[in-house]
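Asker: Here it is, the structure, as structure tokens.
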Amino acid sequence: MKKIISVLVVFSMLICMSGCSGTTDIEKRAIVQIVGIDIENKQYKVSMQIFAPDGEMLEKKGGAKADVVTGTGNSIYFAIKEIEMKTGKEVFLGHNMLLFLGESARNENINDLLEYFTQSEYVFPGLDIVMTNGKAYDFVSLKLSTGLISSQTMEDILKVSIQNGNAKRAQLAQVVADVRQIQKTTAIPIVDITEIAQDVQVNSDSEDKKTQDTKVLSFSKTAVFKDNRYIMSLDKEQTMGLKWLTNEVKNAFSSIDVNGVPVGISIDKAKTTLRPHITGDKVVIDTQIKISATASGNLSLISKNNSELESLIKNKIKNQIISQCENTQNILLKKYKADVLDIEKLLRYYQRSFYLESRDDYERVLENTSYDISIKCDLEIH
Amino acid sequence: MKKISYGQVIFLLFICRVFRTLTFNPFRDTNSGVLMWSILISTVLQMIILLPLFYIYNKHPGKSVDELAFGISKPVGYIITAVYALYFILLAGRAIKYFTYFMTDMFPSIKNYYFIAITIVIVAGYGAFVGVEALGRSSIFISFIFIAMIIVMIITAQGKMEKINLDIAVQNPADDIFSCVLKELGMNSELTTFALLLPYIKSDIKKAGFILLGMKLVVLEVIVFIYTTLLGDYIKLARIPLFVVGSYSKTKFIERFDALYMLEWTLCAALTVGLFIFLASKGIKRMIVRVKDTYIVLGVALVCLGVNFLLSLSHKPFDMMLDKWFTSILMIVLACILPSLILLVLKAMKTKAE
């Protein structure tokens, strides 16, 4: 009898407890891949690119399909609830890789804007945050002739832009950590839609091509926030300076002019080491930048021997980096007194007592901060 | 009586500590510098706390602290046994509460709080019923999964680990560290299990104690280091940091690791609650000899479930007080002061008799 009862209990447990009770079926789940936030008439307008079997084709032929859905509400929560009501599906942000903040959202408190995403344990902490020039909706619903641009393609564009120095990466975890510091400062890349002329095939049978305007994403600026509010944007050179001074350049491409000859410089490896030291009431950050670069171009046009040419190019590269860094320092530390250069973290780690004594007057610390930059460049000439 | 090796003791108690780490965010009111120092200081204190138990193991082999108390007098023995049993019931109730909180809060699709609590009590109760040897064996397996999980997290983390994210500047180090050490001691309440586990340990309790403390020190320091270098101040916002670090991982072959980590969480919970139910049952068995083991385990499991529901009704300030003072002080009393007092009384009685 005991055995029969045990077997019955085990079987009933197998049937009752191994099921997926309380779960949401896949067809009732809206799997979000891109989110955009705009502010319209003091209301939050949330746009989402959601995987949908009967939606529009994504740009990769034969790939997945997606829909763009919008919802409006007096908070992001209510806007998303409206999307859920419209689609009849539960929104799932666990696979969302990209968050666009529209131009209209620039004047909002960045911490408040991100609060919804930091509250949910499902949201990927590495979610990339990007500010848009124009409406975020336009970016979420951006199309190529072949279909909607997928989050993967947008991610790839962002990745390439970060690698080439055009954009600074701003992941959710990093931005939220930044705005918890004294000045509540952070930096977020700004994206634009630009139209370029591209040759496309007229049809698959013929080889005839026609020129067509295609929309592409381009990154060149960086939005700077202080006290959680947008204050200014850094241009491409200043963004590069910011990246040098925060050890974010791993590789980059630029061109320099050597005696009237354009020379392409490819930086294959880079590392910035920063150590602050205190002199009186001044903070000097010893900055060592080590790079391995390759120079290419029509170098035979430059009438110099090899060693002279190498030293000339090296100096040009060094001057370019120093100019980028100085430009960034001047605008961030002297003009806007905004610490997006991680100076607080450096002081907190390397100069603890100075940091604790001076954090109440942090703007003065920034005014009195300077960088002592030295660059070591290994150059290969092609 | 089935005994366990010192290795099994190490992993069994290691899992109990790991479980607390999995369900708690220590960064809400402190920073990484204070926390790292506190873990180190609390490890040294734990070493001191364990010394009387090591002494009992050597001088009175095969006896647990409550059994020794019966040597003073029967009423004292009953009281001491009841105190330990109640303490383990409280710990089991709290562990069930943490687990249900973790499951219902982190996985919104899992909504039935009672279902989770009852299920984990059934599993843990079964573990307690089969005994400490089975729990010990499982703990080795679960510990290895945990270590593997940490390694996978480090390798697959998408963020960049930066040492400048470590917040080591502290305005009032002494105050902050004292408060944090106290809390940290409370989180190591599994050390009190040594008091009742003594007769079950085959050999080398000193080695078990020191390796356990060393292992906990290294693993906890590494976890704090990973948390902060990877997530910076973002960690302060996380309800369960390890879960956030886990969801930061991404690979080409698997999008999110959370579901795999949930398995480890569940195993840790079952083992921890199982050990506490087992020890509480053994204490109660000593008081009511005539009742069958099965019924005692069942009864204790039900009481633990009830304690969990009672604790779930409590408010946050009470929880914090329980964490910081109650469990810390009880841990010191039950793992160190009470065994020392029993030893002193027994020694005095022996001297008087001679």
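Asker: Considering every pair of different Cα atoms, what Kirkwood radius, in Å, is found for the protein assembly as shown?
Answerer: It works out to 29.4 Å.
Asker: Once both axes come from the Cα atoms, what is the angle between helix A:110-119 and the longest principal axis of chain A, in degrees from 0 to 90, rounded to 10?
Answerer: The angle comes out at about 40 degrees.
Asker: Relative to the compact-globule scaling 2.2 N^0.38 Å, provide the ratio for the alpha-carbon radius of gyration of chain B.
Answerer: That works out to 0.99 for chain B.
Asker: Any idea how far apart B:Met47 and A:Ser255 come out in nm if each label point goes 7 Å out from Cα toward Cβ?
Answerer: Taking the two extended label points, one gets 6.5 nm.
Asker: With every protein chain present, what accessible area does B:Phe70 have (1.4 Å probe, heavy atoms only), rounded to the nearest 10 Å²?
Answerer: Rounded to the nearest 10, the figure is 50 Å².
Asker: At a Förster radius of 51 Å, what calculated FRET efficiency corresponds to the Cβ-Cβ distance of B:Ile147 and A:Thr273, to the nearest 0.05? Intermediate results must be reported in sequence, preceding the final value.
Answerer: Working: r = 32 Å, r/R0 = 0.63.
Between B:Ile147 and A:Thr273 the formula returns 0.95.
Asker: Let me ask something additional. What list of whole percents do you get for P(r) of region B:106-230, with Cα-Cα distances grouped in 10 Å bins up to the one holding the largest distance?
Answerer: Percent of Cα pairs in each bin: 9, 25, 34, 25, 8, 0.
Asker: How much of the pair distance distribution for region A:313-363 lies past 18 Å, counting alpha-carbon pairs only, in percent? Could the numbers behind the result be given before it?
Answerer: Numbers: 605 of 1275 pairs.
I get 47 percent for the Cα pairs in region A:313-363 exceeding 18 Å.
Asker: Share of antiparallel DSSP beta bridges in the protein assembly as shown, in percent to the nearest 5?
Answerer: So the antiparallel bridges amount to about 70 percent of the total.
Asker: Net charge near B:Ile240, counting Lys/Arg +1 and Asp/Glu -1 over other residues with Cβ under 10 Å of its Cβ?
Answerer: Surrounding charge for B:Ile240 is -1.
Asker: Under a cut-off of 16 Å between alpha-carbon atoms, report the lysines in cross-link reach of B:Lys347, not counting same-chain residues fewer than 8 places apart.
Answerer: B:Lys59, B:Lys63
Asker: Determine Rg/Rh for region B:82-177; Rg is computed over alpha-carbon atoms and Rh is the Kirkwood hydrodynamic estimate from the same atoms. Don't skip to the answer; put the middle values down first.
Answerer: Numbers: Rg = 19.1 Å, Rh = 17.5 Å.
Here Rg/Rh amounts to 1.09.
Asker: Which FRET efficiency, nearest 0.05, do A:Lys65 and A:Arg180 yield, Cβ-Cβ r, R0 41 Å?
Answerer: Values: r = 39 Å, r/R0 = 0.96.
That pair, A:Lys65 with A:Arg180, gives E of 0.55.
Asker: Past 27 Å, Cα to Cα, is the threshold; run A:Lys271/B:Lys250; A:Lys243/A:Lys316; A:Lys159/A:Lys290; A:Lys215/A:Lys335 against it and keep the listed order.
Answerer: Pairs exceeding the cut-off: A:Lys215/A:Lys335.
Asker: If you place +1 on the Cβ of every Lys and Arg, -1 on the Cβ of every Asp and Glu, and leave all else neutral, what size is the dipole of chain A about its Cα centre, to the nearest 20 Debye?
Answerer: 900
Asker: First obtain the Kirkwood hydrodynamic radius of region B:84-130 from its Cα pairs, then insert it into the Stokes-Einstein equation at 37 °C and 0.692 mPa s, and state the resulting D in µm² per second as a whole number.
Answerer: The calculation lands on 290 µm²/s.
Asker: Put +1 on the Cβ of every Lys and Arg and -1 on every Asp and Glu Cβ in the protein assembly as shown; which of A:Asn164, B:Phe115, A:Asn330 then has its Cα farthest towards the positive end of the dipole?
Answerer: B:Phe115
Asker: List the chymotrypsin sites (Phe, Trp or Tyr not before Pro) within region B:206-272 that DSSP assigns to loop and that have no more than 10 neighbouring Cβ atoms inside 10 Å.
Answerer: Here the chymotrypsin sites (Phe, Trp or Tyr not before Pro) that fit, given the DSSP loop and packing criteria, are B:Phe253.
Asker: If you don't mind, another one. Against the longest principal axis of chain A, how steep is helix A:236-245, in degrees 0 to 90 to the nearest 10, with axes from Cα atoms?
Answerer: 90
Asker: Something else about it: On a 0 to 90 degree scale, rounded to 10, what angle separates helix B:6-22 from the longest Cα axis of chain B?
Answerer: On a 0 to 90 degree scale, this one is about 50.
Asker: Okay, next question. Label B:Lys206 and A:Arg359 with points 7 Å out from Cα along Cα→Cβ: what is the distance between them in nm?
Answerer: Modelled inter-label distance: 4.4 nm.
Asker: While we're on this one: Using only alpha carbons, build the gyration tensor for region A:268-316 and give me the equivalent ellipsoid semi-axes, biggest first, whole Å.
Answerer: Over the Cα atoms of region A:268-316, the ellipsoid semi-axes are 35, 13, 7 Å.
Asker: Continuing with the same structure: At 222 nm, what helix-only mean residue ellipticity would chain A give, in deg cm²/dmol to the nearest 500, using -39500 (n - 2.57) for each DSSP H run of four or more?
Answerer: Helix-only estimate at 222 nm: -9500 deg cm²/dmol.
Asker: Of A:Ser104, A:Tyr44, A:Leu234, which is farthest on the positive side of the dipole of the protein assembly as shown, counting Cα position, with +1 on Lys and Arg Cβ, -1 on Asp and Glu Cβ, and the Cα centre as origin?
Answerer: A:Tyr44
Asker: With a point put 7 Å past each Cα toward its Cβ, work out how far A:Glu195 is from B:Leu260 in nm, to one decimal.
Answerer: 4.8
The values are calculated or read from the model by the stated rules, or taken from the named source; none is laboratory data. In this text the structure is predicted, and so the values were computed from the model without any measurement. Note that we place each Cβ from the backbone using ideal geometry, even for glycine, and neighbour counts take in every protein chain shown. What goes into the accessible areas is simple: the full protein's heavy atoms, side chains included, and nothing from ligands, DNA or RNA. Shrake-Rupley method; radii C 1.70, N 1.55, O 1.52, S 1.80 Å.
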